[in-house]
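This report refers to the structure that appears directly beneath it.
Read-outs: derived from the displayed coordinates by stated rules, not from any lab. Keep in mind it's a predicted model, so treat the numbers as computed, not measured. Cβ sites come from the backbone with ideal geometry, for glycine too, and all protein chains shown count toward neighbours.
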Amino acid sequence: MPHTRSSLVRDLHALGVTPGDLLFVHASFRSLGPVEGGAETVVRALEDALGPDGLLLMPSFNLVEPDRRAETWDIRTTPSTTGWLTEFFRRMPGTHRSDHYSHAVSARGKGAEAFVADHLSREGLRSPWDREPWGRTYGTHAPMHRAYEAGGKILMLGVDYHSSTYAHFVEVLHWNRRREQDPEARYRYLKRPELGAFWDWTGDLRRGSVGDAGCRLFLIRDYVHALLQEVETNPEPYVK
């Protein structure tokens, strides 16, 4: 039997998604198994689980070859490269997208337009993906930074930690702290699977199934702070 909108909502609530949440979703649509109504049903189920006061975010990245990202960027038409569900989400009427040539984020729900409106701001944390005329990739007004500050949750729906873009946010925080002591400090790329294994072992997270997909749900802030502390005190296992 295919999964339905109502059965997916039940699964999401059982996992720990609650009305009013700010939810950042990494997803593999295929992992869900058969879904009556396809990708639209999945998005509507997520919206139902969050209710009218919730905010739903998905990555809408343009991760083509690095030297082609700027030239291929159009906020209205450039496809999301982070999976079919994120591309379907981007194209839905009423979805809003931040303006960043490589690390755009799409949003639906309460306050969505304003939440992603200021990605051109050049305030806050520096990162290797910063490029004019676009703003700071993970800066103060970037959607991923705002989600972190707002106490949002991450839902990893049928994906592993290779998909955890917040590991880059940890890298950026780590680099900016190190630059305060040494402006020439080298940026350190981190091993996502190893960090994910650490988080699975030590973190406060919920695990369960939505449809056929194995899922993890946890607070962005808890995840970022735990990984940052581990990297700062024990960097060797995690630095590429």
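If you count, for each residue, the other Cβ atoms within 10 Å and average over each peptide, how do 94-100, 123-129 line up from highest to lowest?
On the way: 94-100: 19.7, 123-129: 16.4.
Averaged packing, sorted descending, gives the order 94-100, 123-129.
A Förster radius of 45 Å combined with the Cβ-Cβ distance from Asp67 to Ala117 puts the calculated FRET efficiency at roughly 0.95.
Computed from Cα positions, the angle between helix 38-50 and the longest principal axis of the chain comes to roughly 80 degrees.
A prolate overall shape is assigned to segment 127-190, the ratio a/c of its alpha-carbon gyration tensor axes (a ≥ b ≥ c) being 1.5 or greater and a/b exceeding b/c. Just so you know, the averaged projected area of the alpha carbon convex hull for segment 1-46 sits at 3.3 nm². Put in order of Cβ neighbour count within 10 Å, fewest first, the listed residues Arg131, Arg90 become Arg131, Arg90.
Of the residues Gly135, Val42, Val105, the one whose Cα sits farthest toward the positive end of the charge dipole of the chain, with +1 on the Cβ of Lys and Arg and -1 on the Cβ of Asp and Glu, is Val42.
Let me know the shape class of segment 63-173, please: from the alpha-carbon gyration tensor, a ≥ b ≥ c as square roots of the eigenvalues, rounded when a/c is under 1.5, otherwise prolate if a/b is greater than b/c, or oblate. Verdict is rounded for segment 63-173. Principal-axis analysis of the Cα atoms of the chain puts helix 220-233 at an angle of about 30° to the longest axis. Candidate cross-link partners of Lys110 among the aspartates and glutamates, defined by an alpha-carbon separation under 18 Å and a same-chain spacing of 8 or more, comprise Asp21, Glu47, Asp48, Asp53, Asp118, Glu149. Within the straight-line cut-off of under 29 Å between alpha carbons, the lysines reachable from Lys240 are Lys153, Lys191, sequence neighbours fewer than 8 places apart in one chain being disregarded. From the square roots a ≥ b ≥ c of the eigenvalues of the alpha-carbon gyration tensor of the chain, which class results: rounded (a/c under 1.5), prolate (a/b over b/c), or oblate? Cα axes put the chain in the oblate bin.
Arranged from fewest to most other beta-carbon atoms within 10 Å of their beta carbon, Val159, Val239 become Val239, Val159. Panel order for Asp204, Asp118, Asp21, by other beta carbons found within 10 Å of each beta carbon, from fewest to most: Asp204, Asp118, Asp21. In percent, rounded to a whole number, the relative contact order of the chain is 20, using alpha-carbon pairs under 8 Å and six or more apart.
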